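The values are calculated or read from the model by the stated rules, or taken from the named source; none is laboratory data. Since the model is a prediction, treat every value here as computed from it, not as a measurement. Neighbour counts are summed over all protein chains in view; Cβ atoms, including those assigned to glycine, are modelled from backbone coordinates with ideal geometry. These accessible areas exclude ligands, DNA and RNA; they are computed on the full protein's heavy atoms, side chains included. Shrake-Rupley method; radii C 1.70, N 1.55, O 1.52, S 1.80 Å.
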Amino acid sequence: MSADVLPFARPTIDEAMVAAVADTLRSRWIASGPQVAAFEAALSAAVGGRPVRSFTSATGAMAVALELLGIGAGDEVVTPAQSFFASANVIERAGARAVFVDVDLATRNLDLDQAAAAVTPRTKALLPVHYNAPLDPAALAAFRARHGVRVLEDAALAIGSVAGGRPVGATGDLVSFSFHPNKNMTTIEGGALVMNDADEAGRVERLRFHGIVRLPDGTRDLEAAGGKYNLSDVSARLGLAQLARLGEWCRARERLAMAYFDALSGDDLVTPERLPPRTNPGHSWNLFTVLLPLADIALSRKQFIDAMQREGIGIGISYEAIHLTSLYRAKGWREGRFPVAERIGRETVTLPLFPEMTETDVDRVCTSLGRVLRSRAA
Ligand SMILES: Cc1ncc(COP(=O)(O)O)c(C=O)c1O
């Protein structure tokens, strides 16, 4: 890419996608219709034939999944303290309590031993997040069997990942994906939920669209006070074209991630423990995160990000520790409970990584990174 400013994420939109979306617009069938059905069938084929329904966001998919599981007041759901806020917020919005646990420093995935220790008689589900490595399906299945809880995998960052030899989504209980533009593929905004069987899919379809049930006499009944989360055909058509290139993009992401490891190796400030695991089978590399050596440099994270921006390089933060936000502090969570999540929350930055980048872009980022890390505040 030759543009002067390198963003930290950027979707690939090719001309065939533009044309396909234009065709859908010209068809005048632009809300949910045949393209949504085709997109869901293609997603299902990508996850071993399991039922999949699309949504206007992963947040919506997760909210409906928790409704499907009947999770509400008095219930607890165990989830990592390090994730995007949506993972915890959907639990609280369902009226249940998000019970945080700490994460592993390298993979940033939730620590299953701590999750086991957090299970109480009120625990109804585990909501783990695929972060810097795919979650282990065998470990999740064992957790589910041992504790008698449901599992909703937040795979927002992980469409295209492979775990235990199968695509993420092809195994497990409920699995949600995000198609936000920063993710591995996009529908502009959008998400999907993978379920176990046709009965769950039918219930999710109704919860997704007002709770409406169609009666034989052509009138409509309500089975629940459902929401409104259906994807548009315009988005679904984009999603179909994006899904066709997902494998190619994940391979490009992996190649660029390896270029980062090569370019950063030997940098005494960016030691391997500050990077994701390099040997990371099946990972689809949505994010390339670095823990800044704040104790060894003259800059704050904000000053680092601003200096990189001046070099024409966009830097993200993925993510703050959720339990330290005002909302969760007000619910009683305190600093010191989850030291790994807190350290990540303080030190993490996300470097540019998207399929249209080149190895030259990676070198440019790393050259700037090395210079900025050794500079003083402007
Ligand atoms: C881990 C994680 N979960 C959930 C979401 C929410 O996805 P969406 O924006 O599609 O609702 C995101 C989005 O950034 C995410 O990173």
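What whole-number value in cubic angstrom gives the convex hull volume per residue for the C-alpha atoms of region 1-151?
Spread over its residues, the Cα hull of region 1-151 gives 167 Å³ apiece.
Run the quick spin-label model on Arg337 and His147: label points 7 Å from Cα toward the beta carbon, then report their separation in nm to one decimal.
That separation, rounded to one decimal, is 1.5 nm.
Compare Ala307, Ala158, Ala61 in a GNM of the chain, Cα atoms joined below 10 Å, and give the one with the largest fluctuation.
Among Ala307, Ala158, Ala61, the largest mean-square fluctuation in the Gaussian network model of the chain belongs to Ala307.
Karplus couplings for region 125-133 from phi (6.51 cos²θ - 1.76 cosθ + 1.60, θ = phi - 60°), rounded to Hz, Gly and Pro as x?
Per residue, the Karplus-derived 3J(HN,Hα) values read 7, 10, 10, x, 10, 6, 10, 8, 6 Hz.
How much accessible area does Phe143 have with a 1.4 Å probe, in Å² rounded to the nearest 10?
Answer for Phe143: close to 10 Å² accessible.
Evaluate the Debye formula for region 246-373 with equal point scatterers sitting on the alpha carbons, no solvent, and hand back log10 of I(q)/I(0) at q = 0.12, 0.17, 0.22 Å⁻¹, in q order, two decimals.
-0.50, -0.93, -1.33
Consider a paramagnetic label point 7 Å from the Cα of Ala73 along Cα→Cβ; state which residues of region 119-158 have an amide N under 20 Å from it.
121-125
In the structure displayed, which of Lys124/Lys302; Lys183/Lys228; Lys183/Lys331 lie more than 28 Å apart, Cα to Cα?
Lys124/Lys302; Lys183/Lys331
Apply 1/(1 + (r/R0)^6) to the Cβ-Cβ distance of Arg166 and Ala116, taking R0 = 41 Å, and write down the FRET efficiency to the nearest 0.05.
Working from the Cβ atoms, E equals 0.95.
Write down the radius of gyration of the chain and its Dmax, each obtained from C-alpha positions, in Å.
According to the Cα coordinates of the chain, Rg and Dmax are 21.1, 74 Å.
Explain nothing, just compute: Karplus ³J(HN,Hα) = 6.51 cos²θ - 1.76 cosθ + 1.60, θ = phi - 60°, for every residue of region 300-308 in order, whole Hz, x for Gly and Pro.
7, 4, 4, 5, 4, 4, 5, 5, 5
When the chain is treated as a GNM, springs tying every alpha-carbon pair under 10 Å, which of Thr279, Thr123, Thr348 comes out with the largest mean-square fluctuation?
Thr279
Is there a quick way to get the dipole size of the chain? I mean about its Cα centre, with the Cβ of Lys and Arg at +1 and of Asp and Glu at -1; what is the value in debye to the nearest 20?
Dipole of the chain, to the nearest 20 debye: 580 debye.
For the pair Arg255/Val18, report the inter-label distance in nm, with labels modelled 7 Å from Cα in the Cβ direction.
Once both label points are built, they end up 2.4 nm from each other.
Go through region 182-188 residue by residue and turn each phi into a ³J(HN,Hα) via Karplus (6.51, -1.76, 1.60, θ = phi - 60°); whole Hz please, and just put x for glycine and proline.
7, 8, 5, 8, 9, 10, 6
Can you work out the FRET efficiency for the pair Arg346 and Asp262, with r the C-beta to C-beta distance and R0 = 22 Å, to the nearest 0.05?
0.20
If I build a Gaussian network model for the chain, linking alpha-carbon pairs within less than 10 angstrom, which residue out of Phe338, Phe100, Phe209 has the largest mean-square fluctuation?
Phe209
Where only protein heavy atoms count, and the probe is 1.4 Å, what is the accessible area per residue for the chain in Å²?
Dividing the accessible area of the chain by its residue count gives 42 Å².
In nm, what is the difference between 0.36 nm times the number of residues separating Ile212 and Leu25 and their Cα-Cα distance?
Taking 0.36 nm per residue and subtracting the Cα distance, the gain is 64.7 nm.
Can you send over the carbon and sulfur percentage of the accessible area for the chain, probe radius 1.4 Å, protein chains only?
54
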